[in-house]
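In what follows, a single structure is set out as structure tokens and then discussed.
The values are calculated or read from the model by the stated rules, or taken from the named source; none is laboratory data. These figures come from a predicted structure and were not determined experimentally. Cβ sites come from the backbone with ideal geometry, for glycine too, and all protein chains shown count toward neighbours.
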Amino acid sequence: MTEPVIVWFRRDLRLADNPALAAAAAGGQPVIAVYILDDEAPGPWRPGGASRWWLHLSLRSLSARLATAGSGLVLRRGPAGPVLRHLLAETGARAVFWNRLYDPWAVRRDTAIKADLASQGVTVGSHNGALLFEPSRIQSRNGKPFRVFTPFWRACVAAPPPERPLAAPARLRPAALPTAERLEDWRLLPTRPDWAGGLRATWEPGEPAGLRRLTAFVDDALMRYGAERNRPDRGGTSRLSPHLHFGEISARQVWHAVSAAPPELAGPFLRQIGWREFCHHLLHQVPSMPDEPLDRSFAGFAWHDEDESLSAWRCGRTGYPIVDAGMRELWETGWMHNRVRMIVASFLTKHLLVRWQSGERWFWDTLVDADLANNAAGWQWVAGCGADAAPYFRIFNPVLQGERFDPEGDYVRRFVPEIASLPAAVIHRPWDASGTVLADAGVRLDQTYPRPLVEHAAARRRALEAFEHSRGAAGRGAG
């Protein structure tokens, strides 16, 4: 009797371009596909509510895909190491295959599991299924990891291109599957209240949907991407990020699909894929990045943890329409346009002086594409304390940002309907509208829509003063 092999699915919920699955299937042995809900291992970074909603539907899609290929998906819950040992004993399998993860907790866990299984004579095959390049492959001339994006990206472009994506196995040799838990019993979906209506209306998780979205982007929006990617009022972005995070499509699939376009069209988007790569490489070399500033001079920064300000920001009630539209888009759809992510993050950390970790945690719970590396690096970049960070004195003016990137106010009108009838000339600064204009639009400031929490110029001065004080204190401490 031929021993089966176990393929441990994690954030690679796809059949195509899945190196671990391909390696397992190549041996001709029966394949047992397993997903383990290991909620304890990530510690404070266990998946948030929006991520759990997506995971439920993605696992359902993966299970159907595996059934079509002649296999099935075994669901188990608990610490991954003991669960795998039990599965090996139940099935008689003597080999386990998986694709590597690069989050610090996952590296520690997987290293321990690999050593434990190897000591029992179990073959372990781990593969790169998440990144374009292994972190050890892209280094500076002196053999050190990059801490600045532009030279990192130049090194990526100069390297041999990523390998071509692997085809999905046409058929998997079936195995006798052990008992599995029911996906519904994991309670990944919200119950009461059911806050996921907007997510259901916006997204279709799963590998087939991810591949369709990639094809549609390459065939249509890619040609407008360079000109429209900063316009939240237009559909010029790919919206591939949640499919990439959960591994329903691979970075290599995206790279090669986009690279087929002319360089002037492909270049701007591939650079964004490069930023994702940079964030993961950075997290691999600095495991503390989700919790601590990379620029240590910010360790003693005097943040203002004001609960009321933070609550208003979360609810989209800051009085700045572009900020409020972004926060409401996040709550309604589980996603936010990247330009607006920068605007709302700058407002929280610099206008309100609320620590970046508070915003990072809110995004972690509400984003369907919540990714530890991208989320931490993005927040640190905007706050001014990260690698290759925007200077702290770069403080986005939310009015000017709105007028530049949502000039007609269409984005604001969609997500802040109480001011939708304001003309474009004042929709990003309702407080400047005349009483007649406000009355005609049905807007009553401080009643139907709030006045700004802070005035931009005063908030900017306060932020710069706090930064200068923090820098001075850090310098005195170093002396």
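Scanning the range 98-117 for residues that are of a type in the set (Val, Ile, Thr) and free of Cβ contacts under 8 Å to residues at least 40 places away in the same chain, we see that the one that is farthest from His284 (Cα to Cα) is Ile113. Would you call Trp364 surrounded by 22 or more Cβ atoms within 10 Å (Cβ to Cβ) and not assigned by TED's automatic domain parsing to the domain that holds Glu248? For Trp364, the condition - surrounded by 22 or more Cβ atoms within 10 Å (Cβ to Cβ) and not assigned by TED's automatic domain parsing to the domain that holds Glu248 - is met. For the range 92-117, filtered to residues that are touching a strand residue (DSSP E or B) at 6+ places or on another chain (Cβ under 6 Å) and assigned to a helix (DSSP H, G or I), the residue that is surrounded by the fewest Cβ atoms within 10 Å (Cβ to Cβ) is Lys114. The number of residues in the range 421-449 being among the hydrophobic types (A, V, I, L, M, F, W, C) and surrounded by 17 or more Cβ atoms within 10 Å (Cβ to Cβ) comes to 7. Any residue in the range 299-324 that is closer than 21 Å to Asp406 by Cβ sitting within a Cβ distance under 8 Å of a residue that is in a helix (DSSP H, G or I) and of a type in the set (S, T, N, Q)? List the pairs, counting only those 6 or more apart or interchain. If the second residue must be in a helix (DSSP H, G or I) and of a type in the set (S, T, N, Q), the pairs left are Ile322/Gln401. Consider the range 118-132 and keep the residues that are small (Gly, Ala, Ser) and in contact (Cβ under 8 Å) with a residue 60 or more places away in the chain. The one that is surrounded by the most Cβ atoms within 10 Å (Cβ to Cβ) is Gly129. In the range 134-155, the residues that are touching a residue at least 24 places away in the same chain (Cβ under 8 Å) reach residues that are surrounded by 18 or more Cβ atoms within 10 Å (Cβ to Cβ) and among the small types (Gly, Ala, Ser) with C-beta atoms within less than 7 angstrom, at least six apart or across chains, in these pairs: Arg147/Ala387; Val148/Ala387; Trp153/Gly274. The criterion of being surrounded by fewer than 16 Cβ atoms within 10 Å (Cβ to Cβ), free of Cβ contacts under 8 Å to residues at least 24 places away in the same chain and farther than 28 Å from Arg296 by Cβ does not hold for Arg461.
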